[in-house]
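Asker: The structure under discussion is supplied below as structure tokens; questions concerning it will follow.
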Amino acid sequence: MQRTSGAGQDQAPRPGSGAPDTAALEAVFDAAVAADERIEPRDWMPDAYRRTLVRQMAQHAHSEIIGMQPEANWITRAPSLRRKAILMAKVQDEAGHGLYLYSAAETLGTGRDELLDKLHSGRQKYSSIFNYPTLTWADVGAIGWLVDGAAITNQVPLCRCSYGPYARAMIRICKEESFHQRQGYELLLALSRGTEAQHAMAQDAVNRWWWPSLMMFGPPDDESAHSAQSMAWKIKRHSNDELRQRFVDICVPQAESLGLTLPDPELTWNEERGHYDFGPIDWAEFRQVLAGQGPCNDQRITQRRRAHEEGSWVREAAAAHARKHSGVRTEGEAAA
Ligand code: BYC
């Protein structure tokens, strides 16, 4: 049986119409996932698969655009023209990532307006990490090294996500995240090798961003509501704890090369496991941030709503431009 209906998911087969029944379509979908094939927008898919993807992709897109705020905070105060140009390019990349991801989510039939509305009204989440403040210039380095580093660890496996448009968007995003991670590392290295005060500023930033970065991977596996199903559908390829461990293992030697320490006295190599052991994560803090009570939740969402309102003229102009080129005019335009 063909996976692609040609008419898209919205046109579900009707009983007695000669079209395949849901059980048969589900079997074809399951076989495609099992064979590591990509599911495409016009393929039949279970409603719950569609909902899960929209939820995750929307949260991911929202994180990219909210994530512009803490870094943009330092654009006007970057210490050199070179640093400023790099930071501006990075922040623009994040906007681009948001656009790829909103577009990918739209292939599932959910409009961008609806997703943004859910973000602005608190009905959809964005990553916990962006509710922490960027207090010093070194935070730009710590975000690049740790936050983008965590993002790459989480997102490289998403390049093999079972949903085609999401997987393809992730390939380009990961290439750019890799540059972001390197710029953060390079920035921290310069500070670490600088004056005593610069070294202390870098260490302070790492101390503040380390634990929130570990929280980016989500709750522990035994409390992760969606992991098992998302892994069965090959949306997620690894569990939250697996990726968190991978990230810790990558960061420890990098911190040594940077000449900085990670703020965890329990961080030790475990020969038997072949991994670093690390101390307990403060999950109460994570839950508090998710509940809207992190240090910057209000600030971030207020700024996002304001940016959306102030950008309304751009959306109107773009819509008018599109209408003009499609030959359809509003009454006002026709009268003018
Ligand atoms: N923050 O069952 P779980 C970036 C929510 S952008 C907030 O494990 P799932 C960057 C989760 O949504 C980084 N919420 O969920 C940008 C769920 O709540 P709902 C963003 C979190 O989906 C700019 C509930 O907790 N990356 O890197 O299986 C500048 C239960 O969790 C968080 C992505 O979005 C969190 N940290 O796994 C620089 C990657 N963790 O939805 C950098 C794509 C969990 O039921 N997303 N929750 O209300 C994913 O890989 C997965 O969605 C997660 C969570 C691993 C995050």
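Rule-based calculations on the coordinates, nothing more; no lab input. It should be emphasised that the depicted structure is a prediction, and the values quoted were computed from it without experimental measurement. Neighbour counts are summed over all protein chains in view; Cβ atoms, including those assigned to glycine, are modelled from backbone coordinates with ideal geometry.
Asker: Going by the alpha-carbon gyration tensor, a ≥ b ≥ c the square roots of its eigenvalues, is region 105-200 rounded (a/c under 1.5) or, if a/c is not under 1.5, prolate (a/b greater than b/c) versus oblate? List each step's numbers first, then the result.
Answerer: On the way: a/c = 3.83, a/b = 1.74, b/c = 2.20.
Because a/c hits 1.5 or more and a/b fails to exceed b/c, region 105-200 counts as oblate.
Asker: Quick check of the Kirkwood formula: for region 79-134, what is the inverse mean of 1/r over all pairs of different Cα atoms, in Å? Show your work: numbers first, answer last.
Answerer: On the way: mean 1/r = 0.0744 Å⁻¹.
Its Kirkwood hydrodynamic radius stands at 13.4 Å.
Asker: Toward the positive end of the charge dipole of region 83-228, about the Cα centre and with charges on Cβ (Lys, Arg +1; Asp, Glu -1), which of 218, 104, 86 goes farthest?
Answerer: 86
Asker: Hey, with R₀ at 30 Å, roughly what FRET efficiency would residue 77 and residue 314 work out to, going by the Cβ-Cβ distance, to 0.05?
Answerer: On the way: r = 27 Å, r/R0 = 0.88.
Step by step, r from the Cβ atoms, then E = 0.70.
Asker: How big is the Cα convex hull of the chain in projection, averaged over all directions, in nm²? Walk me through the numbers on the way to the answer.
Answerer: Working: hull surface 87.9 nm².
If you wrap the Cα atoms of the chain in a convex hull and average its projections, you get 22.0 nm².
Asker: Taking R0 as 22 Å, what's the FRET efficiency between residue 171 and residue 36 from their Cβ-Cβ distance, rounded to 0.05?
Answerer: So the FRET efficiency works out to roughly 0.85.
Asker: Given the DSSP H assignment, sum -39500 (n - 2.57) over each helix run of at least 4 residues in the chain and divide by its residue total; what's the result at 222 nm in deg cm²/dmol, nearest 500? Before the final figure, lay out each step's value.
Answerer: Working: 15 runs with 200 residues, N = 336.
Computed mean residue ellipticity for the chain: -19000 deg cm²/dmol.
Asker: Quick check on my link table: of 90/118; 125/236; 118/175, which ones sit more than 22 Å apart, alpha carbon to alpha carbon? List each step's numbers first, then the result.
Answerer: Details: 90/118 26 Å; 125/236 18 Å; 118/175 29 Å.
Table pairs above 22 Å Cα-Cα are 90/118; 118/175.
Asker: Which value, in debye to the nearest 20, gives the size of the charge dipole of the chain about its Cα centre, when Lys and Arg are +1 and Asp and Glu are -1 at the Cβ? Let's see the in-between values first.
Answerer: On the way: 38 positive and 44 negative charges, 243 e Å.
About 1160 debye.
Asker: Another question about this same structure. Averaged across orientations, what area in nm² does the convex hull of the alpha carbons in region 235-336 project? Don't jump to the answer; show the numbers that get you there.
Answerer: Details: hull surface 52.7 nm².
Computed as one quarter of the Cα hull surface, the answer is 13.2 nm².
Asker: For region 254-311, what class follows from the C-alpha gyration tensor (a ≥ b ≥ c being the square roots of its eigenvalues): rounded when a/c is under 1.5, otherwise prolate if a/b is larger than b/c, else oblate? Before the final figure, lay out the partial values.
Answerer: Numbers: a/c = 3.76, a/b = 2.28, b/c = 1.65.
Because a/c hits 1.5 or more and a/b exceeds b/c, region 254-311 counts as prolate.
Asker: Which FRET efficiency value, to the nearest 0.05, is calculated for residue 275 and residue 114 with the Förster distance at 56 angstrom and r the Cβ-Cβ distance? Display every interim value, and only then the final one.
Answerer: Values: r = 41 Å, r/R0 = 0.74.
Efficiency for this residue pair is about 0.85.
Asker: Could you order peptides 26-39, 204-217, 86-99 by the average number of other Cβ atoms within 10 Å of their residues, highest first? Could the numbers behind the result be given before it?
Answerer: Numbers: 26-39: 15.0, 204-217: 21.5, 86-99: 17.9.
Final packing ranking: 204-217, 86-99, 26-39.
Asker: Output the Cα-based Rg and Dmax of region 180-312 in Å, rounding Rg to one decimal and Dmax to a whole number.
Answerer: 17.9, 57
Asker: Also: Among 319-326, 66-73, 195-202, how do they line up from the highest to the lowest mean number of other beta-carbon atoms within 10 Å?
Answerer: Numbers: 319-326: 10.6, 66-73: 20.1, 195-202: 15.2.
Highest to lowest by the protection proxy: 66-73, 195-202, 319-326.
Asker: Return P(r) of region 54-154 (all Cα-Cα pairs; 5 Å bins starting at 0; whole %; ordered from short to long distances).
Answerer: Computed distribution, short to long bins: 2, 13, 22, 23, 16, 13, 7, 3, 0.
Asker: Follow-up question, since we're still on this one. For the chain, calculate the relative contact order in percent as a whole number, restricting contacts to Cα pairs under 8 Å that are 6 or more residues apart.
Answerer: 16 percent
Asker: On to the next question. Can you list, largest first and rounded to whole Å, the semi-axes you get for region 213-283 by taking the square root of 5 times each eigenvalue of its Cα gyration tensor? Don't skip to the end; give the middle numbers.
Answerer: Values: eigenvalues 128, 32, 27 Å².
The three semi-axes for region 213-283 are 25, 13, 12 Å.
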